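Notes for the one structure printed next.
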Amino acid sequence: LTDLTLITENGISFHVHSAVLAAVSSFILETLRRKKWQQSDSDKDAGVHRWSLSLDTDVDHVGLQAVVEFAYTGVVLSLNKDTVPQIKAAAQVLGVPRVMDLCNKERRLKEDGSTKKEEQKISALEQMTITLQSIEQLWADRVGCDVILNVNRALFHHRVILAASSDYFRGMFTSGMKESHQTCVALPFLLASELEVLIRCSYSGNLSLSWESVFEITCTALQLQFQPTFSLCLDFMQQEMEASSCLDVASFAEAYGMLELLEKANDFVLKNFWEVSATAKFLDLPAEKLVDFLCCDGLCVPSELAVFRAVISWIEADPEERLGQAGLLMTGVRFPLMTFREFREVRAVNLRMECFGDKEVELYGSALKEFGFSLPKSQDLCRVRRPKDALVLVGGDQLNPDVGQRIPSREVWFANSIRSGTGLVKDIEWRKLCEMPDKPKFRHGVAALRGKLYVVGGCYFYAKDDMMKSAYYDPKQDSWKRLPDMQEYRSNFSVVVHEECLYAIGGDKDINTNEDSVEMYNPHTDSWFVHPLDQALSGYAATVVDGGIFISGGFDCKYVCLVSMFLYHPERGTTYLAEMTHDRAQHCMEAFRGHLYVAGGVCNLRKYYTDQQACEVYDTVTDCWTDFAPLPVSHVGAASAILEEKIYILGGYCQDDYSESGLVHRYDPSTQRWENMGKLLGAVSDIRACLFQLPQHFRQ
């Protein structure tokens with residue numbers, strides 16, 4: 001699809017796309033504008049116009065090749081002190097100021113290959129962005145447009161952009177079809193509005209989507225094989241999926257055979273069934289599809305009564321048609337998982353159903369039989385959900401109840417499944433993954449990065465013992481590998497992942513002193529680097545949102561609980577944000593949908609500490625705090641994670657009497673309630689948790 005041939009004085013020629021060169025060269029741009037004016041009255045069906053330019057003697061093949069390379073890649077790999085004169089001469093003649101700037105910078109660069117390579121890498125992205133914006137402007141001005149798409153009205157475009165974005169147009173323009181020789185191509189089966197959205201995305205890389213438009217745009221992108229746009233549409237459906245849209249996504253995916261999207265949509269329905277059942281779309285489900293969801297072990301509901309109520313609401317949406325299917329649907333309700341109090345509602349509903357028309361409805365008898373005679377087997381009827389991500393618990397500490405001694409742990413556990421039992425009873429199936437090398441530890445840092453589990457620092461006893469070793473676990477090899485030691489001893493701190501590096505922030509270096517520094521671990525160089533922190537800090541909570549490291553509360557240098565919230569950046573330093581309503585340390589903080597949820601820990605009480613059960617949430621957009629439901633019990637030194645859009649607080653102890661319950665509580669932002677999820681099997685205090693993807697053989 002090259003339409004322009006550039007020829008040097010010695011006869012060397014370069015075949016290029018005029019629109020791409022015009023985006024960087026003012027000389028080519030002006031020539032293209034004049035060419036447009038000269039051909040304005042020409043025949044629209046004259047076909048593809050190929051033309052050539054013989055260049056000035058100052059432009060040799062070295063300089064011209066550099067300009068062409070820059071136009072297509074944003075870099076000039078051949079640029080060095082020997083080629084600068086030739087490249088700069090070509091850039092001057094062709095009017096390429098950005099290449100001239102590169103030539104000037106080359107002379108000023110120090111002889112540092114790594115610095116030069118990094119600058120070129122950053123520059124290439126910026127340069128290509130500018131070039132694409134220039135091509136988009138050419139399209140807006142109709143400069144160099146070599147094809148007209150006739151869809152209700154004429155749309156002017158560049159063949160090369162269409163072919164680069166769409167396999168459909170690439171085949172049309174490059175496989176010898178008659179359209180490849182036409183200037184005007186008729187597409188009567190398309191709507192101009194939908195095609196314009198796809199083509200605008202091809203030029204700009206931006207796609208504005210909503211649930212009102214995404215399915216139509218996806219269909220057109222699939223039909224015309226606009227793969228980049230199609231991928232953006234799929235990303236939108238997966239990332240923005242919600243209770244009101246998931247069933248539409250599932251129907252769409254099933255209709256077009258998109259198995260991966262269908263699996264994710266169905267899984268979303270299962271894990272958010274309670275919310276989905278309250279939508280209007282749920283009432284339109286076919287009976288067979290509803291039965292499939294009801295019979296699935298992975299159905300996630302507050303209790304089995306919620307399943308029964310969902311079935312009743314579906315029937316009552318059209319009782320005349322659906323009462324006959326009630327018996328089939330009730331086979332998906334696990335009545336033995338109801339309590340006696342919940343089961344009384346089944347009888348009440350049965351009486352109400354008998355009032356519909358003259359149809360005989362008998363739900364209660366069969367339900368009672370199943371409820372009464374299946375009690376011994378109710379454990380086998382538990383709904384068992386296996387999340388795709390594994391919630392991993394590492395190390396920790398616990399009290400030996402027999403002798404009153406502390407027992408630090410080397411064990412690594414993971415949650416294999418979540419079980420919903422009778423009534424509101426929930427439980428987690430814990431499995432042992434492995435053991436850490438060397439000594440047991442607690443108050444350490446844990447993070448997952450590139451499929452590996454990193455365990456950093458920590459302590460073996462509450463007073464300073466020695467430098468705790470750091471290592472990472474590779475589940476594919478089922479083995480540990482040692483990391484280099486941090487430059488400072490750290491415990492009672494957090495580790496976060498930021499830009500593919502680990503950041504160990506603050507922490508205690510002994511029982512009475514905390515750190516005012518941050519250490520960054522770079523996996524590529526396998527080394528630690530120290531950054532300053534503007535205050536000594538430990539016992540805080542940290543998480544990453546949109547590339548920013550947020551840090552809340554903790555102990556200051558005098559071990560006073562803080563109310564602070566700040567944004568930390570390794571280069572830009574600290575930005576203080578709105579303070580929390582409640583002071584706290586040894587607490588948890590997790591990010592969910594642009595909000596930071598803070599729970600648990602201790603707070604100041606004169607000269608002592610007491611349990612902090614109040615919870616609050618921070619809005620990263622409005623910079624303000626709001627209280628939410630308090631914890632039902634104390635969780636000091638607990639671990640936390642977000643699994644399937646719910647916040648888990650695991651273990652910890654009670655500050656007032658130092659008791660350790662080992663309980664796990666789960667907060668559901670949609671219901672704004674805490675649920676009891678059972679107990680931990682191993683260590684319960686000063687443990688650490690993160691989400692981690694494990695090979696399938698660990699989950700079987």
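The values are calculated or read from the model by the stated rules, or taken from the named source; none is laboratory data. Just so it is clear, the model here is predicted, and its values are computed rather than measured. Every residue, glycine as well, gets a Cβ built from its backbone with ideal geometry; the counts of neighbours run over all protein chains shown.
Taking the criterion of being out of contact with any Gly (no Cβ under 7 Å at 6 or more places or on another chain), surrounded by fewer than 20 Cβ atoms within 10 Å (Cβ to Cβ) and assigned to a loop (DSSP other than H, G, I, E, B), the residues of the range 266-299 that qualify are A278, T279, A280, P286, C296, D297, G298. Scanning for something assigned to a strand (DSSP E or B), within 27 Å of the chain's Cα centre (by Cα) and modelled with pLDDT under 95, does the range 545-560 turn up at least one residue? Scanning the range 545-560 turns up at least one residue that is assigned to a strand (DSSP E or B), within 27 Å of the chain's Cα centre (by Cα) and modelled with pLDDT under 95.
Pairing residues of the range 93-116 that are in the same structural domain as T57 (by TED's automatic domain parsing) with residues that are modelled with pLDDT of 80 or more and among the polar types (S, T, N, Q), at Cβ distances under 6 Å and at least 6 apart in sequence or on separate chains, gives L94/S25; G95/S25; G95/S26; V96/S25.
Taking strands (runs of 3 or more DSSP E) as the structural unit, those lying wholly within the range 621-700 and holding at least 1 residues that are among the aromatic types (F, W, Y) correspond to 624-628, 646-650, 663-668, 673-679, 688-692. Among the residues of the range 401-427, those identified as out of contact with any Cys (no Cβ under 6 Å at 6 or more places or on another chain), assigned to a strand (DSSP E or B) and surrounded by fewer than 22 Cβ atoms within 10 Å (Cβ to Cβ) are R406, E411, N416, S417, K426, D427. Filter the range 241-265 down to the residues that are without any contact (Cβ under 8 Å) to a residue 12 or more places away in the chain and part of a loop (DSSP other than H, G, I, E, B), then identify the one that is nearest to R673 (Cα to Cα). Here the residue is E242.
Anything in the range 197-236 that is small (G, A, S) and within 22 Å of the chain's Cα centre (by Cα)? List them, or say none. If the condition is that a residue be small (G, A, S) and within 22 Å of the chain's Cα centre (by Cα), then G205, S208, S210, S231 are the ones that fit.
Consider the range 178-225 and keep the residues that are assigned to a helix (DSSP H, G or I) and of a type in the set (G, A, S). The one that is farthest from L149 (Cα to Cα) is S204.
Yes or no, residue by residue, for (1) surrounded by fewer than 18 Cβ atoms within 10 Å (Cβ to Cβ); (2) under 23 Å from K264 (Cβ atoms); (3) acidic (D, E):
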| residue | (1), (2), (3) |
| --- | --- |
| I199 | no, no, no |
| C219 | yes, yes, no |
| L224 | no, no, no |
| A243 | no, yes, no |
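The set of residues from the range 1-35 being within 43 Å of the chain's Cα centre (by Cα) and either assigned to a loop (DSSP other than H, G, I, E, B) or surrounded by fewer than 16 Cβ atoms within 10 Å (Cβ to Cβ) (or both) comprises L1, T2, D3, H15, H17, A23, V24, S25, S26.
Residue by residue through the range 428-445, note down the ones that are within 27 Å of the chain's Cα centre (by Cα), buried (at least 24 other Cβ atoms within 10 Å of the Cβ) and part of a strand (DSSP E or B).
Within the range 428-445, just G445 meets the criteria.
Any residue at all in the range 456-471 that's under 27 Å from the mean Cα position of the chain (by Cα), crowded, with 16+ Cβ neighbours inside 10 Å and touching a residue at least 60 places away in the same chain (Cβ under 8 Å)? Taking every residue of the range 456-471 in turn, at least one turns out to be under 27 Å from the mean Cα position of the chain (by Cα), crowded, with 16+ Cβ neighbours inside 10 Å and touching a residue at least 60 places away in the same chain (Cβ under 8 Å). Can you tell me how many residues in the range 318-340 are touching a Phe, Trp or Tyr at 6+ places or on another chain (Cβ under 9 Å) and small (G, A, S)? Residues meeting the conditions: 1.
Among all residues of the range 580-595, there is none that is among the β-branched types (V, I, T) and either crowded, with 16+ Cβ neighbours inside 10 Å or without any contact (Cβ under 8 Å) to a residue 24 or more places away in the chain (or both).
Out of the residues in the range 281-330 that are basic (K, R) and in contact with a Ser or Thr (Cβ under 8 Å, 6 or more places away or on another chain), state the one that is nearest to K264 (Cα to Cα).
Residues of the range 281-330 basic (K, R): 281, 289, 309, 322.
Next cut, in contact with a Ser or Thr (Cβ under 8 Å, 6 or more places away or on another chain) only: 281, 309.
Working: K281: 18, R309: 25 Å.
Looking at the filtered set, the residue picked out is K281.
Specify which of the listed residues (S251, S165, S193, S175) is under 30 Å from L285 (Cβ atoms) and among the small types (G, A, S). I'd like the intermediate steps shown before the answer.
On the way: S165 fails: under 30 Å from L285 (Cβ atoms); S193 fails: under 30 Å from L285 (Cβ atoms); S175 fails: under 30 Å from L285 (Cβ atoms).
Of the residues listed, the single one that is under 30 Å from L285 (Cβ atoms) and among the small types (G, A, S) is S251.
When the range 226-240 is examined, which residues are found to be touching a residue at least 24 places away in the same chain (Cβ under 8 Å), closer than 23 Å to A192 by Cα and assigned to a helix (DSSP H, G or I)? Passing the criteria: Q227, P228, T229, L232, C233, L234, F236.
Exactly one residue out of L234, L262, L247 is under 14 Å from L290 (Cα atoms), surrounded by 18 or more Cβ atoms within 10 Å (Cβ to Cβ) and either modelled with pLDDT of 95 or more or among the β-branched types (V, I, T) (or both): that is L247. Take A306 and tell me if it is aliphatic (A, V, I, L, M), surrounded by 21 or more Cβ atoms within 10 Å (Cβ to Cβ) and assigned to a helix (DSSP H, G or I). When the stated conditions are applied, A306 does not pass them. For the range 609-620, filtering for residues that are assigned to a loop (DSSP other than H, G, I, E, B) and without any contact (Cβ under 8 Å) to a residue 60 or more places away in the chain leaves 3. Against the numbered list (1) surrounded by fewer than 20 Cβ atoms within 10 Å (Cβ to Cβ); (2) closer than 21 Å to V636 by Cβ; (3) touching a strand residue (DSSP E or B) at 6+ places or on another chain (Cβ under 7 Å), C561 comes up short only at (1). Within the range 648-661, residues that are in contact (Cβ under 8 Å) with a residue 24 or more places away in the chain and within 12 Å of G601 (Cα to Cα) reach partners that are surrounded by fewer than 20 Cβ atoms within 10 Å (Cβ to Cβ) and of a type in the set (S, T, N, Q) with beta carbons closer than 7 Å, at six or more positions or on different chains, in the pairs Y653/S659; Q655/T610; D656/T610.
Answer yes if at least one residue in the range 208-229 is of a type in the set (G, A, S) and farther than 30 Å from P669 by Cβ, and no otherwise. Explain how you work it out, then say what you get.
At the first step, the residues of the range 208-229 found to be of a type in the set (G, A, S) are 208, 210, 213, 221.
Subsequent filtering for residues that are farther than 30 Å from P669 by Cβ retains 221.
Yes - at least one qualifying residue is present in the range 208-229.
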